[in-house]
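*Asks:* Next up is a structure, given as structure tokens.
The values are calculated or read from the model by the stated rules, or taken from the named source; none is laboratory data. Treat the numbers as computed from the prediction; the structure is a model and nothing was measured. Cβ placement follows ideal geometry from the backbone for every residue including glycine, while neighbour counts extend to all protein chains displayed. These area figures cover heavy atoms from the full protein model, side chains too; ligands, DNA and RNA do not enter into them. Shrake-Rupley method; radii C 1.70, N 1.55, O 1.52, S 1.80 Å.
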Amino acid sequence: MSRRTRFVIDRRRALRLAGAAALAPACGVAARAQPIIYPDRPVYLVVPVASSTLVDEIGRVLAARLADMWGERVLIENRKGANGDLAAELVAHAAPDGYTLLLATIGFAINRFLFHKVDYDPVADFAPVSLLCSYAHLMTVPPSSPARTVQEFIDHARANPGRITFASAALGSPSHLAGELLKRMARINMTHVPYNGPGVAFNDVIAGRVDVMFPSASVALPLVRTGKLRALAVTSRAREPWAPDLPTVAESGLPGFDVSSWYALFAPAQTPPEIAAKISADAARAVREPEFVERLDKIAITAAGATVTPAGSTPEELAYHLKAEMDKWGPIITAARIRVNNND
């Protein structure tokens, strides 16, 4: 082969390589511009409670709306136990493809502080998707209580050290944590009285055998409106539209006091960001629709006018919210030495 022939062949090869290199970025751009095909098969929404409960109903309303949007089934899988740990563990070990999602509650943020052992990391093992909605609690006292405001209750507790009690629906529940937060911020001494559910707890608070309780607003409002309980404040950051005249604990002398229960969507870690973003946008749109809120009303998730507040956040906003909740409740739980058995 002559020198000239080799030169021509080398030149043609170089031109082909240069052409391929020039086309590669364009092909990459074209590939990235392709629309996301998701979902193309059924999606599983894992709910951390039994069926026919309020959390389950929220999951079913959301699943039905997402199914309408996506044209694919969204199936509920109830995985009850250990304050949501069993459901979280299932999703943490699922394929990170967006087809297995977790409907999480506040337990997702606090379980690692409550339990001796948790087999997942809520930050490292999950991809945040969307904060769906939240709801407030009420600070309630018996009708016989001398306190008619938060400050009067604090003054009463300081005048009776070691004699004030507060009820909760369960050890480590939001109503328990609210009492512990009040103790810490107001610098008062109260004894915790845990119950197995709110029913018996309400009876003892109404009768004056327990001094204060922080139940969810939707459960407590009927008792407040019939005069069986007295509401001193809402525990959320801002006043609620269903009780605009009821002050917050924060504005009643304890700035920064904020206790709200919430529901959020999480996916397994390493879920493609574009899929998480699509689920987040669709879920946010769903929970803000008037039809969604109306369906919640019909299934009695909102009672006596106490509405669940839609949120519909981005993944980044949910990540911030989760960290803030963990940073707030971790020290409270540790200082109060709250421990829960999660072997159920």
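*Asks:* Over the chain, what portion of Cα pair distances is larger than 35 Å, expressed as a whole percent?
*Replies:* Values: 19093 of 58996 pairs.
The calculated P(r) of the chain puts 32 percent of pairs beyond 35 Å.
*Asks:* By accessible area of protein heavy atoms, probe 1.4 Å, what ranking do VAL219, VAL200, VAL129 get, highest first?
*Replies:* Sorted descending by solvent-accessible area, the residues read VAL200, VAL219, VAL129.
*Asks:* Give the residue from VAL224, GLY179, VAL150 lying farthest towards the positive end of the charge dipole for the chain; charges sit on Cβ (+1 for Lys and Arg, -1 for Asp and Glu) and the dipole is referred to the Cα centre.
*Replies:* GLY179
*Asks:* Still on this structure: Taking the Cα centre of the chain as origin and charging only Cβ (+1 Lys, Arg; -1 Asp, Glu), how large is the dipole, in debye to the nearest 20? Spell out each step's value before the answer.
*Replies:* Numbers: 37 positive and 33 negative charges, 261 e Å.
Dipole magnitude for the chain comes out near 1260 debye.
*Asks:* Separate question: Would you mind checking the stretch 211-251 for residues with the amide N under 16 Å from a putative spin-label position 7 Å along Cα→C-beta of GLN151?
*Replies:* The answer is 232-233, 247-251, whose backbone nitrogens lie closer than 16 Å to the label point.
*Asks:* A follow-up question, please. Could you check the spin-label model distance between VAL200 and ASP119? Points 7 Å from the Cα along Cα→Cβ, value in nm.
*Replies:* Placing both labels 7 Å beyond Cα along the Cβ direction yields 3.1 nm.
*Asks:* Quick check: net charge around GLN151, other residues with Cβ under 12 Å of its Cβ, Lys/Arg +1 and Asp/Glu -1?
*Replies:* Details: positive: ARG148, ARG158; negative: GLU152, ASP155, GLU251.
So the environment of GLN151 carries a net charge of -1.
*Asks:* What does the C-alpha gyration tensor say about the overall shape of the stretch 140-204? Classify as rounded when a/c is under 1.5, otherwise prolate if a/b is larger than b/c, or oblate. The partial results should precede the final answer.
*Replies:* Values: a/c = 2.01, a/b = 1.37, b/c = 1.47.
Oblate shape, in that a/c is at least 1.5 and b/c is the bigger or equal ratio.
*Asks:* Taking all protein chains as present, what is the carbon and sulfur share of the accessible area of the chain, in % to the nearest whole number, probe 1.4 Å? Mind dumping the intermediate values first?
*Replies:* Working: 9110 of 16680 Å².
Of the solvent-accessible surface of the chain, carbon and sulfur hold 55 percent.
*Asks:* With the crude spin-label approximation of a point 7 Å out along Cα→Cβ, what separation in nm comes out for ASN341 versus ASP282?
*Replies:* The two pseudo-label positions are separated by 4.2 nm.
*Asks:* At ARG73 and GLU316, where each label point lies 7 Å from the Cα along Cα→Cβ, what is the point-to-point distance in nanometres?
*Replies:* Result: 3.7 nm between the two label points.
*Asks:* Now for a different question. Say R0 is 35 Å: what FRET efficiency, to the nearest 0.05, do ASP245 and ALA95 get from their beta-carbon distance?
*Replies:* 0.10
*Asks:* Continuing with the same structure: In Å², and per residue, what accessible area does the stretch 22-158 have when probed at 1.4 Å with the other protein chains present? Walk me through the numbers on the way to the answer.
*Replies:* On the way: 6030 Å² over 137 residues.
Value for the stretch 22-158: 44 Å² per residue.
*Asks:* Still on this model: For the stretch 104-218, what are Rg and Dmax over the alpha carbons, in angstrom?
*Replies:* Using the Cα atoms of the stretch 104-218, the pair Rg, Dmax is 16.1, 49 Å.
*Asks:* Another question, if that's okay. Starting from the Cα of LYS117, draw a straight line to each of the lysines and keep only those under 30 Å, dropping any in the same chain fewer than 8 residues away.
*Replies:* The qualifying lysines are LYS80, LYS183, LYS323, LYS328.
*Asks:* A further question follows. Kirkwood Rh, the stretch 136-177, all Cα pairs: how many Å?
*Replies:* 11.6 Å
*Asks:* Two decimals, Cα atoms only, Kirkwood Rh: what is Rg/Rh over the stretch 107-164? Spell out each step's value before the answer.
*Replies:* Numbers: Rg = 19.0 Å, Rh = 15.7 Å.
Rg divided by Rh gives 1.22.
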